[in-house]
1. Could you work out the pair-distance distribution P(r) of chain A from its alpha-carbon pairs, with 5 angstrom bin width and percents rounded to whole numbers?
2. Within chain A, what is the number of lysine pairs with alpha carbons under 24 Å apart, leaving out pairs fewer than eight places apart on the same chain?
3. Add -39500 (n - 2.57) for each DSSP H run of 4 or more in chain A, then divide by its residues: what number comes out at 222 nm, to the nearest 500 deg cm²/dmol?
4. Considering only the other residues whose Cβ falls under 13 Å of the Cβ of A:Ser195, what net charge follows from Lys and Arg at +1 and Asp and Glu at -1?
5. Given the alpha-carbon gyration tensor of the stretch B:144-247, what are the semi-axes of its equivalent ellipsoid in whole angstrom, ordered largest first, with each equal to the square root of 5 times an eigenvalue?
6. Given B:Val205, B:Leu54, B:Gly144, which one lies farthest toward the positive end of the charge dipole of chain B, if we put +1 on the Cβ of every Lys and Arg and -1 on the Cβ of every Asp and Glu?
7. Using only alpha carbon positions, build the gyration tensor of chain B, then give the equivalent ellipsoid semi-axes as the square roots of 5 times its eigenvalues, largest first, whole angstrom.
8. Looking at this model, which pairs from B:Lys19/B:Lys52; B:Lys247/B:Lys295; B:Lys32/B:Lys81; B:Lys19/B:Lys81; B:Lys188/B:Lys303; B:Lys133/B:Lys188 are more than 21 angstrom apart at the alpha-carbon?
Amino acid sequence: MASNLALTAVKDRGGLNGFGNIFRMANHEWWGTRAWLVQFVIWLLLVNGAMTAAVLSTPKPGSARAEAQAQAQAQAGKAAGSDADLAATALTLFFMLGSMGPAFGVIILAQDALIQERQAGTVAWVLSKPVSRLSFILSKFAADAIGVLVTMVLLQGLAAYLVCRLAVGVSLPVFGFLAALGLLFLHLLFYLALSYMLGSLSRSRGPVIAIPILFIFAYNMHGVLGWVGRILHWNLTMDLGPTHPSLAIALANGLPLPTVAPIIGTVALILIFILIALWRFNREEF
Amino acid sequence: MCALDQFVIETHALNKTYKGVQALKDLNLTVKPNSIFGFLGPNGAGKTTTIKLLLGLSYPTGGSARVFGQDIRRDSVSIRKRVGYLAQDPRYYESMTARETLRFTAHFFFSGPKAAVEERIQETLQLVGLNDKADRPIKGFSGGERQRLGIAQAQINYPDLLILDEPAASLDPQGRRDVLEVMERLRKHTTIFYSTHILDDVQRVSDTVAILNHGELVAQAPIEQLLNGSGGIVYRLMLSGANEGVKQGLRSLPWVLSLTEQPVNRHVSWSIAVGDESAAEDQLLRLVLSDPAVKISEFGRQKVQLEEVFLNLVEGGKHGK
């Protein structure tokens, strides 16, 4: 057909044809709208708000309330709390709430990625253009992962760091805390990948939402799952007792990792989920 | 397009089965470059299935197909770089405006420069008459406006092949006329493969037609051939005052195959089937007028309507082949 010589054709990117364009559009849905602000505010209130409230309701060591509480604890035979204990409480709360609450957010966001597009008929339209199916899934996944990383992990982490510094008076080691946030991100990425996989396998929202939610609460069963329980994503952030310490809290306190098995297990599962989503989406007919 | 490509679309025994139901049976189709190819058939005949197979949105269960000489399974993305597609029920991201939709579409084909891309978008908006609505969200668009946007996004990449699935189905008569005009304008540069059930449109713009019924191809031919070939060459006369002698004289001629007569008000209508077109053009009218009492009010070659051919083929099932 007649063409405009001034226009430059896009480069052939093989299996990744169309990635950049869909990635830009998916990013726009996060950053070109108020979506990022909504996510940031929701989790700031629920995660950091709850953590801050807990920290502020605990008396500061040295204050009159703390003295009175210490006396009461001494009479009861308990040791008085220190700044470090308060920081530990804050971290435990942050990583517990920060991995459970935003996981719901990730599930709700991700279930729409494929099911909504399929129902609206926009997948068929986009795939009628020179776009590989691999690009379609990966570009949306990458944009969602970045949105989650910034609004649910990095900004929340920054707020939590400041709360520990200003309200508790404890400066956490920066690199250790950043590494801990990396584990929190990996934890949320597990739910993102799981939801994408389920969205590719099912045309109904029910299982795509319900199954990941079951995973959120199934941390209670880690004890009965044996070695499987020890390599799953819960161990990354949640403190599940002396035999299952939180890797993130250890890193945030500047301690070495007690084990890398949950990291390897979670990364492997994320890769498996993405591969299944790609395999299924590649076979789908529109 | 590669100079060696004889056909833009070529299918060989293409089959598609959905959950045990055969939607397409051994489809053999060829579409020549720069043609407007009308793909006809009743609902459920397999038209949309064929289009989806050609675009890689669906996969064949048997047979093969090539577009621009490239395999539809192996080279699907490469094929789609040269294709524009309008779906039967076009869907877009509702929050986007028409301009944003075209920009999004254009960036699958062009990386820049920005000014040239924007110019192409503007040009396309103008072509389909959406200039004044370019910056409104699509969710407020009427069916006709969506269809216009569909045509715009389908041809933004200067496609070598435009695939349109029922392009005029949801349009009012004016919208239909506009779409047909756009198609005629584009035919200079591109091949248009379009499915429809609006037979008037097909007769007006198509040069080749294929008719599909129950997933089977029942006819494929240039439209003139299809219209002429269905009932032989028939001339129609509306006259009065003819005597029996003229009729007998005509019937005795070797190139007159049949003559049927039907009264119409105070006139008589003759349908004369002939086997030799040039002899008929040369002699038929002269022979009838050799009787001075005959008065002719109409004379001409009887035109078969596509609708007639279509119904004969579709209702006749396989016998219509």
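1. Using 5 Å bins, I get a P(r) of 1, 5, 11, 14, 15, 14, 12, 9, 7, 4, 3, 2, 1, 1, 0, 0, 0, 0, 0 for chain A.
2. 4
3. Working: 14 runs with 190 residues, N = 286.
It lands at -21500 deg cm²/dmol.
4. Values: positive: A:Lys140, A:Arg205; negative: A:Asp112, A:Asp144.
Net of charged neighbours comes to 0.
5. Working: eigenvalues 270, 58, 34 Å².
Equivalent ellipsoid semi-axes, largest first: 37, 17, 13 Å.
6. Toward the positive end, the furthest listed residue is B:Leu54.
7. Numbers: eigenvalues 431, 112, 58 Å².
With the √(5λ) rule applied to chain B, the semi-axes are 46, 24, 17 Å.
8. On the way: B:Lys19/B:Lys52 17 Å; B:Lys247/B:Lys295 14 Å; B:Lys32/B:Lys81 19 Å; B:Lys19/B:Lys81 31 Å; B:Lys188/B:Lys303 28 Å; B:Lys133/B:Lys188 28 Å.
Table pairs above 21 Å Cα-Cα are B:Lys19/B:Lys81; B:Lys188/B:Lys303; B:Lys133/B:Lys188.
The values are calculated or read from the model by the stated rules, or taken from the named source; none is laboratory data. No experiment lies behind these values; they were computed from the predicted model shown. Here Cβ is always computed from backbone atoms with ideal geometry, including for glycine, and neighbour counts include all displayed protein chains. SASA here: full protein model, heavy atoms, side chains in, ligands and nucleic acids out. Shrake-Rupley method; radii C 1.70, N 1.55, O 1.52, S 1.80 Å.
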